[in-house]
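**Q** Okay, here's the structure, questions in a sec.
The values are calculated or read from the model by the stated rules, or taken from the named source; none is laboratory data. On a predicted model such as this, the values are computed, not experimentally measured, just so you know. Reconstructed Cβ throughout: ideal geometry from the backbone, glycine too, with neighbour counts over all protein chains shown. The protein model used for the area step is the full one, side chains on, heavy atoms only, and it has no ligands, DNA or RNA in it. Shrake-Rupley method; radii C 1.70, N 1.55, O 1.52, S 1.80 Å.
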Amino acid sequence: MAFDSHEKRQFKQVGTRPPRPDGVDKVTGRAQYGADVTAPGMLTARILRSPHAHARIVSIDTSEAEAMAGVKGVVTGRDFALPEDAGLADIAVNVMARDKALYDGHAVAAVAAVSPAIAKAALKAIKVQYEVLPHVTDVDAAMQPGAPVVLEGRALESVPAGMSVNVTHASEFGHGDLAAGFAKADRIVERSFKTAATHQGYIEPHACLASVTVDGKADLWCCTQGQFMVRTVCAALMGMEASQLRVTASEIGGGFGGKTTVFIEPVALVLARKTGRPVKITMTRDEVFRATGPTVSTSIDVKIGMTKDGRITAGEARLRYSGGAFPCGTVDMGAMAAFAAYDLEAVRTQGWNVLTNRPKEAAYRAPGAPQAIYAVESVVDELCQILKLDPLDVRIRNAAKKGTKSSYGPVFDDIGLLATLEAAKAHPHYKAPLKPGQARGVSCGFWFNFGGNTCVSLNVNTDGTVGVTEGNPDIGGSRASISLMAAEELGIPYDKVRTIVADTASLGYNDVTDGSRVTFSVGLATIAAARDAKVKMCARAAKIWGIDDEAVEWKDGAAWPAGPNAGQFPPMSLAEIAAVSFQTGGPIAGHHEVNADGAGVSFGVHLCDLEVDPETGKTTILRYSVFQDAGKAVHPDYVEGQMQGGAVQGIGWALNEEYIYGRDGRLQNPGFLDYRVPVASDLPMIEAVILEIPNPGHPYGVRGVGETPIVPPLAAISNGVSRAVGVRMQELPLSPPRVLKAIKAA
Amino acid sequence: MSSISVSTTVNGDPVDFVCTPDESLLDALRNRMGLTGAKEGCGTGDCGACSVLLNGRLVCSCLVLAAEAEGAEIATVEGMAGPEGLHPLQRAFIDHAALQCGVCTPGILVAAKALLEKNPDPSDEEVRYWLAGNLCRCTGYDKIVRAVQAAAAEMRSA
Ligand code: FES
Ligand code: FES
C-alpha cells in the first residue's frame, strides 16, 4: 500500500502519546501472562533434559516414574510425529530428542503429575542410558576436518565439496571487481572477529496450558510472538487439523525473537491428550538458558580498502555462524546486512552455517545483523583512526542513499541513513568534549524490516465506538499504535477504539510478531480495514439520503455529500450512521487481508561515550545517543522505547553477555547471576532522537523500528573501548578480564 | 510432606493458607492465593520480578519460604491501587511508557514504592541503584527512572 503522498497530511492523533489501552492491567497485576492461568483438574509437567552435550540415547526406562502415585503420564520422543518438512522435523526433534541428545539441556522425556513436586520427583525416576559422544561447541573448531559430527547429511547443495560435514549452508552476495577496488585503496585493513552467543533474556520464562478433549479438540494458552505459528507447528506435530486447535496468546513478557518458535507447547499438548487432563508447563530460568534462544555464535573476517580522503574502495567479509545443533539460515542475514550502510563499487560477502552442540538458534532482534555489522564497523573505525578521519564524515561520504545498489542486490528507495548520520553529527553529543581517559564510539546499523501475512477486522459498534481485532501479540505497546491509526483514519477519538488480540479461531492467519512488522503491517491492514468501513458507511449515508454511493465522501469522522451536485444534507457522523445501521443493512465492519510488502529498510546511528578502568578492565557507559529513522513515529513513546531497549540489549551483548561452555560441553552460566544482563545502575539515560523519513510503502509512512537499535551498540562500544585502551578489540563481549588482558598485552 | 497452615495479612486482608514446608512465598501467593501479579522470572533471587514487601521490607518472594510468612504482613502489587484509583507510581508508569511487555512492572512498582517510602526525593543514581535488583529487558530503564522521579515529585507535592 503506497504512501499517501497526494494528501498533505496533518496527523491529528498519530504522533501523540496517549496512555496504552493495556496499561492499567499491566500496572495492577491483572494482566495474564503465560504462567498466570490454571484450569480445573490441571496437571503440572516437567521436562527431563540431557546432561550431555552430545550423546546417543540407548534406552529410556520410564516404568518406575509411571508407577509413582500422582504421575499421570510420561512421554518421550516416540510420542511425537515427525513431520516430513525438514524445518518442522527439526523443531520436533528440538522439542524432544529421538535417537541423540544434541546439546546440554536437550529435552529427552516429560512427566505430567498432580503436583509440581511429584512431577519433579518423577523426573529422577526416569532412567536414561546414554552413550556419550565427542562434542564440539566452537564454530571454528566445528569447521575443521575431523571435528565431531553433529548431524550428517544436512548440507544444502550450495555447500562446496570438501568442507566439514557440519557445514550446512553457504551463501554469497555482492557485486563489482574486488581486486580492482582494493588496488585503488590507500590503506587496507583486514581483521578477524568473534562474537559469543547471547540470549534474548526475556524476563518471562516460556509457559503454556494445554487441554485436549476426547473428540480431539484442543485449546492452548501460551506466551508466544505468534499464536498462528504455534497452531501450524503444533497441529503438524500432533497430526491435527488446524481448525481443531485453538491457540490463545497470553500477554507476553518479552520475546525479542525468542518466542517465534515452540518448545514446550507440543509437549503439553501430547501430555494433555495422553492423560485427558489439562497440562501446564512453565520453564525454569535454567531451562530457558539451556534449551531456548540463543543467537548464533560467530567468527568473521573483514577486509576493507579506503582512500586517504575516506572513500571505501572495496569491502569483503567471510562469516562463519553457528546456529547450534540444527541447520540455520541466519548467516544469510549477516552476509546481506554486513555492508548495507555503504554505497560500494566492489563488495563481496560469503557466509557459512556450521553445526555445533549448542541449542537451536532462535531469532533475536535483527538476527544475524549485529555480528556482521560489528565486524565491518570495527574495521571502518580502525581505518578512520589510521587515516585520521572523522568517523561520521567517512560514513556520510560512503552512505547508501536512494538509488544505491545495495551490497545484497536491491536498489534502495527512500532511506534515512544520511539524515540520521547528519543528525548525529549536528547533535550536541557529538561536539561535547571528552575528558582524558574517555572515548567516543560510533556505529551505523541496519535492518531489512518485514511485512508479511496480516489480517484485521474492524467492527463499528452501534454506539459509535470501534473494535479492532488483530492477530499479533502486543509486546511493547502495539495496541496503542493500532488504535491510534484506526482513530486517525476514521476521524474518531482514540479512546473510542478498543484493539484486541484474537485467538486463532477468531481471525485469519497472521505472521508472528517479528521483523519489526506489527506497526507497519498491522497498521497498514488497520488503515485499509478502516477505509473499507468508511466506504460502507458512506454507502449507508447515501442510502439514507437517496443519492449515489459515489456522491458521498468521508471527512473528519463523518459522511458528507461530495460537492454541490450531491445535494444538501447535513453530515452524518460515524456514531449517527452506526446508530441506525440495523435499519440500513445491518452491522458495519471493515476487513483487510494482505501479504504486505514495502516494509522499507531501516538505519540507525549510535554514539557512545565511555571510559575503561585500567585497573579492572571494566567499561562504564557515560553517555549514549540513538538516532533512527522511524518513517512516521505513530506513538513516539514506544518508538523511543524500542530505540532505548534495543540499545541496552546491545550494550549487554557488547560488554557482558555470553554463553560460556565448559570443556564438557555444558553451559556454565544458565542463570541471571552469571549471565549478566544490564541492570539500572549500569547505565546512563539513553537519548533517543527520532527522524521521520516517510516509508514509501505505507500510507502513513511508517517503518518498523524494533530491531535496528540492537545493531549499532556492538561496534559503537567496541570502537569506543578500542580507542580508550589503544588496542583494536576483536572479540565480544568486552568483559573486564578480556579488556584487562588487552591493556596488559599492549 | 505434611502441610503447614499459615496465617498472614495480605494487602490488609487476613489470609490463611496451607503450604508445603519447601514452598516459596511466591508459589503460595500465585498458586494458593491466586495473586499472580508477582512473577517468577528466575526463582533464584536474580531478577526481582517476584518483589513483595514482607513486614515493610522489600524481598524476593521466591527466596522466602511461605511458612516464614506466619503472622507477617505482605504487600503485593495487587494492593497498590485503592478505591480512589491508581497509585501515583502506577499512573506515572503508564504516562511515561515505563513498561513495554510489563512483566517486570509489578516487581518494579513494589520496589519503587518501598524506595519512595524510605527516600521521597532520590537522585537518579539512587533510583538506579535501588532498582538494580529488578531486571527489565525491554525498556533500557530510561523511562522507568523518569517515571519513578515523576511519581516522587507528585507525591512530594501532595
Ligand atoms: S523470581 Fe524471584 S528474583 Fe527472580
Ligand atoms: S517491560 Fe518487559 S521486562 Fe520490563
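**Q** May I ask you to list the residues in region A:685-695 that are part of a loop (DSSP other than H, G, I, E, B) and open to solvent by 20 Å² or more (accessible area, probe 1.4 Å)? First the steps, then the outcome.
**A** Step one: list which residues in region A:685-695 are part of a loop (DSSP other than H, G, I, E, B), which gives A:685, A:692-695.
A:Met685, A:Glu692, A:Ile693, A:Pro694 - these are the residues of region A:685-695 that are part of a loop (DSSP other than H, G, I, E, B) and open to solvent by 20 Å² or more (accessible area, probe 1.4 Å).
**Q** Something else: Considering only region B:101-144, state which residues are surrounded by fewer than 24 Cβ atoms within 10 Å (Cβ to Cβ), away from ligand 1 (no atom under 16 Å from the Cβ) and within 24 Å of A:Glu687 (Cα to Cα).
**A** Within region B:101-144, B:Asp121, B:Pro122, B:Ser123, B:Asp124, B:Glu125, B:Glu126, B:Arg128, B:Tyr129 qualify.
**Q** In addition: Name the residues in region A:581-619 that are assigned to a strand (DSSP E or B) and surrounded by fewer than 20 Cβ atoms within 10 Å (Cβ to Cβ), would you? Quick ask: steps written out before the conclusion?
**A** Here is the first cut: in region A:581-619, the residues assigned to a strand (DSSP E or B) are A:588-596, A:602-612, A:619.
Listed by number, the residues that qualify are A:Ala589, A:His591, A:Glu593, A:Val594, A:Asn595, A:Glu611.
**Q** Would you say B:Ala97 is closer than 25 Å to A:Pro684 by Cβ and more than 16 Å from ligand 1 (Cβ to nearest atom)? Lay out the reasoning, then the answer.
**A** On the way: closer than 25 Å to A:Pro684 by Cβ: yes; more than 16 Å from ligand 1 (Cβ to nearest atom): yes.
Here the answer is yes, as B:Ala97 does meet what is asked.
**Q** Would you check which residues across region A:403-413 are out of contact with any Phe, Trp or Tyr (no Cβ under 9 Å at 6 or more places or on another chain) and surrounded by 16 or more Cβ atoms within 10 Å (Cβ to Cβ) and list them?
**A** So the first thing to find is which residues in region A:403-413 are out of contact with any Phe, Trp or Tyr (no Cβ under 9 Å at 6 or more places or on another chain), and the list is A:410-413.
Passing the criteria: only A:Phe412.
**Q** Can you find a residue that is open to solvent by 10 Å² or more (accessible area, probe 1.4 Å), under 30 Å from A:Glu316 (Cβ atoms) and assigned to a loop (DSSP other than H, G, I, E, B) anywhere in region A:190-213?
**A** Yes, some residue in region A:190-213 is open to solvent by 10 Å² or more (accessible area, probe 1.4 Å), under 30 Å from A:Glu316 (Cβ atoms) and assigned to a loop (DSSP other than H, G, I, E, B).
**Q** Another question, if that's okay. Name the residue that is nearest to ligand 1 (Cβ to nearest atom), counting only residues in region A:187-206 that are more than 19 Å from the chain's Cα centre (by Cα) and not polar (S, T, N, Q).
**A** Checking each candidate, the answer is A:Lys194.
**Q** Something else now. So which residues in region B:38-78 are open to solvent by 40 Å² or more (accessible area, probe 1.4 Å) and facing chain A (nearest Cβ under 9 Å)?
**A** Filtering region B:38-78 for residues open to solvent by 40 Å² or more (accessible area, probe 1.4 Å) gives B:40, B:44, B:55-58, B:63, B:65, B:68, B:70-71, B:73, B:78.
Of everything in region B:38-78, those that are open to solvent by 40 Å² or more (accessible area, probe 1.4 Å) and facing chain A (nearest Cβ under 9 Å) turn out to be B:Glu40, B:Thr44, B:Glu78.
**Q** I've got another one for you. Show the residue pairs that are 6+ apart or on different chains and have beta-carbon atoms under 9 Å apart, the first residue being within region B:43-63 and within 16 Å of ligand 2 (Cβ to nearest atom), the second being among the basic types (Lys, Arg) and assigned to a loop (DSSP other than H, G, I, E, B).
**A** From region B:43-63, the pairs are B:Cys47/B:Lys39; B:Ala49/B:Lys39; B:Cys50/B:Lys39.
**Q** Can you tell me which residue within region A:639-670, out of those that are farther than 25 Å from A:Met729 by Cβ, within 14 Å of chain B (Cβ to nearest Cβ) and not charged (D, E, K, R), is surrounded by the most Cβ atoms within 10 Å (Cβ to Cβ)?
**A** This residue is A:Gln642.
**Q** Shifting gears a bit: Inside region A:153-179, can you point out the residues that are surrounded by fewer than 19 Cβ atoms within 10 Å (Cβ to Cβ), small (Gly, Ala, Ser) and in a loop (DSSP other than H, G, I, E, B)?
**A** Matches in region A:153-179: A:Gly153, A:Ser158, A:Ala161, A:Gly162, A:Gly176.
**Q** Those residues that are surrounded by fewer than 24 Cβ atoms within 10 Å (Cβ to Cβ) and under 19 Å from B:Leu99 (Cα atoms), I need them from region A:247-257; list them, please. Walk me through it before giving the result.
**A** Initially, region A:247-257 is screened for residues surrounded by fewer than 24 Cβ atoms within 10 Å (Cβ to Cβ), giving A:248, A:250-251.
Result: A:Ser250, A:Glu251.
**Q** Of these, A:Gly305, A:Gly315, A:Gly368, A:Gly329, which one is open to solvent by 10 Å² or more (accessible area, probe 1.4 Å) and more than 14 Å from chain B (Cβ to nearest Cβ)? Before the answer, list the steps.
**A** Numbers: A:Gly305 fails: open to solvent by 10 Å² or more (accessible area, probe 1.4 Å); A:Gly315 fails: open to solvent by 10 Å² or more (accessible area, probe 1.4 Å); A:Gly368 fails: open to solvent by 10 Å² or more (accessible area, probe 1.4 Å).
The unique qualifying residue is A:Gly329.
**Q** Also: Kindly provide the set of residues from region A:248-288 that are within 20 Å of A:Gly515 (Cβ to Cβ) and more than 14 Å from chain B (Cβ to nearest Cβ), ordered by number. Quick ask: steps written out before the conclusion?
**A** Initially, region A:248-288 is screened for residues within 20 Å of A:Gly515 (Cβ to Cβ), giving A:249, A:252, A:254-262.
Scanning region A:248-288 gives A:Thr260, A:Thr261, A:Val262.
**Q** With a cut-off of at least 3 residues that are touching a residue at least 60 places away in the same chain (Cβ under 8 Å) and either among the β-branched types (Val, Ile, Thr) or within 30 Å of A:Ala654 (Cα to Cα) (or both), name the helices (runs of 4 or more DSSP H) lying wholly within region A:413-498.
**A** Values: elements: A:417-426, A:428-431, A:478-490.
Ranges flagged: A:417-426.
**Q** Still on this structure: On the given criteria, is B:Ser157 more than 9 Å from every other protein chain (Cβ to nearest Cβ) and over 28 Å from B:Asp13 (Cβ atoms)?
**A** Spelling it out, B:Ser157 is indeed more than 9 Å from every other protein chain (Cβ to nearest Cβ) and over 28 Å from B:Asp13 (Cβ atoms).
**Q** Still on this structure: Which numbered condition trips up A:Phe672, out of (1) of a type in the set (Phe, Trp, Tyr); (2) touching a Ser or Thr at 6+ places or on another chain (Cβ under 8 Å); (3) away from ligand 1 (no atom under 16 Å from the Cβ)?
**A** (3)
**Q** If the requirement is being outside any loop (DSSP other than H, G, I, E, B) and within 30 Å of A:Thr284 (Cα to Cα), which of these qualifies: A:Pro709, A:Pro678?
**A** Details: A:Pro678 fails: outside any loop (DSSP other than H, G, I, E, B).
Exactly one residue qualifies, and that residue is A:Pro709.
**Q** Could you tell me whether B:Ala150 is open to solvent by 10 Å² or more (accessible area, probe 1.4 Å), modelled with pLDDT of 95 or more and not assigned by TED's automatic domain parsing to the domain that holds B:Thr9? Steps first, please.
**A** Numbers: open to solvent by 10 Å² or more (accessible area, probe 1.4 Å): yes; modelled with pLDDT of 95 or more: yes; not assigned by TED's automatic domain parsing to the domain that holds B:Thr9: yes.
Yes: the conditions hold for B:Ala150.
**Q** Please work out which one of (1) part of a helix (DSSP H, G or I); (2) open to solvent by less than 20 Å² (accessible area, probe 1.4 Å); (3) of a type in the set (Ser, Thr, Tyr) is the condition A:Thr504 fails and give its number.
**A** (1)
**Q** Ok, one more. Suppose the filter is within 14 Å of another protein chain (Cβ to nearest Cβ) and open to solvent by less than 60 Å² (accessible area, probe 1.4 Å); does A:Ala39 pass it?
**A** Considered against the rule, which asks whether it is within 14 Å of another protein chain (Cβ to nearest Cβ) and open to solvent by less than 60 Å² (accessible area, probe 1.4 Å), A:Ala39 comes out as yes.
**Q** Oh, and also: Out of the residues in region B:132-158 meeting the condition of being over 14 Å from B:Pro88 (Cα atoms) and touching a residue at least 40 places away in the same chain (Cβ under 8 Å), tell me which one is farthest from ligand 2 (Cβ to nearest atom).
**A** Restricting to residues being over 14 Å from B:Pro88 (Cα atoms) and touching a residue at least 40 places away in the same chain (Cβ under 8 Å), the top hit is B:Gly133.
**Q** Enumerate the pairs (first residue in region B:101-130 and facing chain A (nearest Cβ under 8 Å); second residue anywhere and at pLDDT below 95) with beta-carbon separation below 8 Å, excluding pairs fewer than 6 apart on the same chain, so at least 6 apart or on different chains.
**A** B:Cys101/A:Ile475; B:Cys101/A:Gly476
**Q** For region A:396-416, which residues satisfy the criterion of being in contact with a Lys or Arg (Cβ under 8 Å, 6 or more places away or on another chain) and of a type in the set (S, T, N, Q)?
**A** A:Asn398
**Q** Given the conditions (1) open to solvent by 30 Å² or more (accessible area, probe 1.4 Å); (2) within 24 Å of the chain's Cα centre (by Cα); (3) within 23 Å of A:Thr295 (Cα to Cα), which single one is not true for A:Leu673?
**A** (2) is the only condition that A:Leu673 fails.
**Q** Pull up region B:27-37, narrow it to residues that are under 14 Å from B:Val6 (Cα atoms) and within 14 Å of ligand 1 (Cβ to nearest atom), then point me to the one that is nearest to the other protein chains (Cβ to nearest Cβ).
**A** To start, the set of residues in region B:27-37 that are under 14 Å from B:Val6 (Cα atoms) comprises B:27-29, B:32-33.
With the extra rule that they be within 14 Å of ligand 1 (Cβ to nearest atom), the set shrinks to B:27-29.
Values: B:Asp27: 8, B:Ala28: 13, B:Leu29: 10 Å.
Top of the filtered list is B:Asp27.
**Q** Separate question: Considering only region A:536-556, I want to know if a residue exists there that is under 22 Å from A:Gly600 (Cα atoms) and either within 26 Å of the chain's Cα centre (by Cα) or small (Gly, Ala, Ser) (or both).
**A** First, the residues of region A:536-556 that are under 22 Å from A:Gly600 (Cα atoms): none.
No: region A:536-556 contains no residue that is under 22 Å from A:Gly600 (Cα atoms) and either within 26 Å of the chain's Cα centre (by Cα) or small (Gly, Ala, Ser) (or both).
**Q** Shifting gears a bit: Checking the structure you have, find out if any residue of region A:43-63 is within 14 Å of another protein chain (Cβ to nearest Cβ), at negative phi and assigned to a loop (DSSP other than H, G, I, E, B). Please lay out each step first, then the result.
**A** First, pick out the residues of region A:43-63 that are within 14 Å of another protein chain (Cβ to nearest Cβ): A:43-44, A:46.
So of that shortlist, the ones also at negative phi come out as A:43-44, A:46.
From the residues that got through so far, the ones that are assigned to a loop (DSSP other than H, G, I, E, B) too are none.
No, every residue in region A:43-63 fails to be within 14 Å of another protein chain (Cβ to nearest Cβ), at negative phi and assigned to a loop (DSSP other than H, G, I, E, B).
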